[in-house]
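Below is one structure, written out as structure tokens, with a few remarks after it.
The values are calculated or read from the model by the stated rules, or taken from the named source; none is laboratory data. Only a predicted model underlies this, so the values are computations on that prediction, with no experimental measurement involved. Glycine gets a Cβ as well: all are built from the backbone with ideal geometry, and neighbour counts include every protein chain shown.
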Amino acid sequence: MSEKTYKDLSLTGGGSIALGILTIVFGIVCGVLMLVNGAKLLKVKSDILI
């Protein structure tokens, strides 16, 4: 019974690490996209106001 528990814990730990890495990468990508879009909006702002 303890072998099954050990294997389950190993799989759960590995899955959690993989999910954490994916979350970090997704967060960085979203942040970069938000910065790029914000810069584009600020650049176009002067064209709209004139």
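With at pLDDT 90 or above and of a type in the set (Lys, Arg) as the only criterion, which of 40, 4 stands out?
Only one candidate qualifies: 40.
So, residue 10, is that one exposed (fewer than 10 other Cβ atoms within 10 Å of the Cβ), among the polar types (S, T, N, Q) and without any contact (Cβ under 8 Å) to a residue 40 or more places away in the chain or not?
No: the conditions fail for residue 10.
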